[in-house]
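The values are calculated or read from the model by the stated rules, or taken from the named source; none is laboratory data. Keep in mind that this is a model prediction, so the values were computed, not measured. Cβ placement follows ideal geometry from the backbone for every residue including glycine, while neighbour counts extend to all protein chains displayed.
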Amino acid sequence: MLTAPPPRYDAVVIGAGITGMYQVYSLAKLGLSVRGFEAGSDVGGTWYWNRYPGCRLDTESYAYGYFALKNIIPEWQWSERFAGQPELFRYVRYAADRMGVRPYYQFNTRVIGARYDETANLWRLKLDQDAVGQDAEVTCRFLLSAVGPLSAARMPKIPGIDAFQGQSFHSSRWAHDKDEGSGAINFTGQRVGVIGTGATGVQIIPVVAKTADQLYVFQRTPNWCTPLGNHALTPELTEQLRGSPESFLKFIESTETAFPYRRSGKKGTEATATERQELFESLYAMPGYGIWLSGYRDLLTSKTSNSYLAEFVASKIRHRVKNPLLAEKLIPTNHAFGTRRVPMETNYYEVYNQDNVELVDIQEKPIRSIVAKGIQVGDRLIELDVLVYATGFNAVTGALDRIDIRGCAGLPLRDAWADGPTTYLGLQTAGFPNFFTLVGAHNGAAFCNIGVCGALQVEWVTEMIGRMREQGLTYSEPLIEYQEQWTQHVYEIYSKTLLAESDAWWVKTTVNSDGSLRRRALIYVGGAPEYRERCAQIAEKGYEGFKLL
């Protein structure tokens, strides 16, 4: 009787961002043979690819990354409350060196296919042809995806998109020197167009507006934007804001999203108008996501409570933008406050008071085409030298869709998830044994502080694989009934919030047979503490709901 040959690696990790590096480190520490594959030429993930002007964290620096992991980089001192991309890139490279994970990675290598071999119980990976002189195909027992929820760039479907003869970039593929931080382009004397006013566009626009001869902002839908409130950090101020990493970690692990904010026990509908005004003013002045993630507990469940805050923020926009008609164009009317990601801004609204900045409302007059010299909007040709696509990502599942992942009987993952993801804990899908999706669909990290919630998943999966190894087990797959229960739980919780009424990046929209639209949540909004507790209970019960062989 023939015996199937063993896999080349015990585990393969796709991606070298914050989560991927920690997963490689944890599995190697466990004693497994590990290989990491990364499309870029260095570690960093988000902070390697995104180098556009103004790129920075909207998470407090001291609450991000590996701050609570002992013996890695507890000594790192951030220079700003919300670090910029150059500092973040230095940080992740330093972290990689401290963890010693670089030797485990093969860079400039994209995984383009992954097929589960049922006979041998292993995954066969196909690598792109750019990996010259290196492995073109490898095998592994466990396959772990750490591709990130926002890594598959989305370009708009505009006629003539390849016709433009000036410089053009998607925000996540900005031209840069591989060893430097943010890409530097001198916009002096340039006519620049930025398409998109989401979180990325809102960071880019104020920076470009400082030097561009003329900046045209092409806006389809405005977003609720609030002040970032960035400032310098000293060791003394960091200690004052955070305290010890251990106690701070315990605090943020107790909050819904692992950010340093906790909602009030009071509802907005229970407060007086004066109380609401005072609270909203304090939250608006607070750095970071406090206005979104703290405040009244019914913000995302009560339209009335939400309208109080939305009107307050609208009043701030009207106050900051001098032209009343223009201010109204910058105020959202199609979604409630916080039902899409809230862009954190620095002098964003003041930009529209500058003579060299024009808002182009493409909801009113859509873009007809992109031409050699610029953009045709209605009958008007707007001539440009530089064109920036701040058009976001095919979120959460988009990066996996780019890989031809096939499970049992050759079933493609994109087909299995055609109507929306089906998972157990957001970590595994039936029919795809030994395949784990970190910070992916339906788990507690995509709508959370990734540095903290991603670490939870890495540690949980590592412990699971470690226990399997101790018991001589090599096969893990969720049971259908547990998968269905978890998936339904994800959708039910989401449907009870105002989030269900918006088209945010964390929603997948499909068309039913009758032509109606069906929205599927790609994230879990039950809260980080509940997710953490559920994962712990499942592990304590011998990984209940998983078929282990």
Inside the range 383-405, the number of residues satisfying the requirement of being in a strand (DSSP E or B) and buried (at least 19 other Cβ atoms within 10 Å of the Cβ) is 6
Counting just the residues of the range 1-53 that are among the polar types (S, T, N, Q) and out of contact with any Lys or Arg (no Cβ under 7 Å at 6 or more places or on another chain), which one comes out surrounded by the most Cβ atoms within 10 Å (Cβ to Cβ)?
-> GLN23
Does the range 82-96 include one or more residues that are in a loop (DSSP other than H, G, I, E, B), over 30 Å from PHE432 (Cα atoms) and not hydroxyl-bearing (Ser, Thr, Tyr)?
-> yes
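Tell me which residues, restricted to the range 410-450, are assigned to a helix (DSSP H, G or I), surrounded by fewer than 24 Cβ atoms within 10 Å (Cβ to Cβ) and touching a residue at least 60 places away in the same chain (Cβ under 8 Å).
The answer is GLY410, and nothing else.
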Those helices (runs of 4 or more DSSP H) completely within the range 179-267 that have 1 or more residues that are more than 26 Å from GLY454 (Cβ to Cβ) are 199-209, 235-242
Since GLU364 meets every condition but one in (1) over 30 Å from ALA285 (Cβ atoms); (2) not in a loop (DSSP other than H, G, I, E, B), which condition does it not meet?
-> (2)
Do we find a residue being among the charged types (D, E, K, R), crowded, with 16+ Cβ neighbours inside 10 Å and within 25 Å of the chain's Cα centre (by Cα) anywhere in the range 289-299?
-> yes
Which condition number in (1) of a type in the set (Asp, Glu); (2) in contact with a Lys or Arg (Cβ under 8 Å, 6 or more places away or on another chain); (3) over 27 Å from TYR531 (Cβ atoms) is the one that ASP401 fails?
-> (3)
What number goes with the only condition from (1) assigned to a loop (DSSP other than H, G, I, E, B); (2) in contact with a strand residue (DSSP E or B) (Cβ under 7 Å, 6 or more places away or on another chain); (3) modelled with pLDDT of 95 or more; (4) not aliphatic (A, V, I, L, M) that CYS140 does not pass?
-> (1)
Say whether the condition of being modelled with pLDDT under 95, acidic (Asp, Glu) and within 25 Å of GLU364 (Cα to Cα) is met by at least one residue in the range 175-189.
-> no
Return yes or no: is VAL525 surrounded by 24 or more Cβ atoms within 10 Å (Cβ to Cβ) and either over 24 Å from LEU32 (Cβ atoms) or in contact (Cβ under 8 Å) with a residue 60 or more places away in the chain (or both)?
-> no
Does VAL490 fit the bill of being closer than 23 Å to THR257 by Cβ and in contact (Cβ under 8 Å) with a residue 24 or more places away in the chain?
-> yes
Look through ASP355, ASP298 and report the one residue that is within 19 Å of TYR216 (Cβ to Cβ), in a loop (DSSP other than H, G, I, E, B) and out of contact with any His (no Cβ under 8 Å at 6 or more places or on another chain).
-> ASP355
Tabulated pairs, the range 322-339, first surrounded by fewer than 19 Cβ atoms within 10 Å (Cβ to Cβ) and assigned to a loop (DSSP other than H, G, I, E, B), second at pLDDT 95 or above and not β-branched (Val, Ile, Thr), C-beta under 6 angstrom, 6+ apart or interchain = LYS322/ASN353; ILE331/ALA314
Every listed condition ((1) more than 18 Å from ILE14 (Cα to Cα); (2) modelled with pLDDT under 95) holds for GLY451 save (1)
Name, by its number, the condition in (1) farther than 30 Å from LEU249 by Cα; (2) under 24 Å from the mean Cα position of the chain (by Cα); (3) in a helix (DSSP H, G or I); (4) of a type in the set (S, T, N, Q) that does not hold for GLN485.
-> (2)
Filtered residues of the range 71-120 (kept if basic (Lys, Arg) and touching a strand residue (DSSP E or B) at 6+ places or on another chain (Cβ under 6 Å)) = ARG115
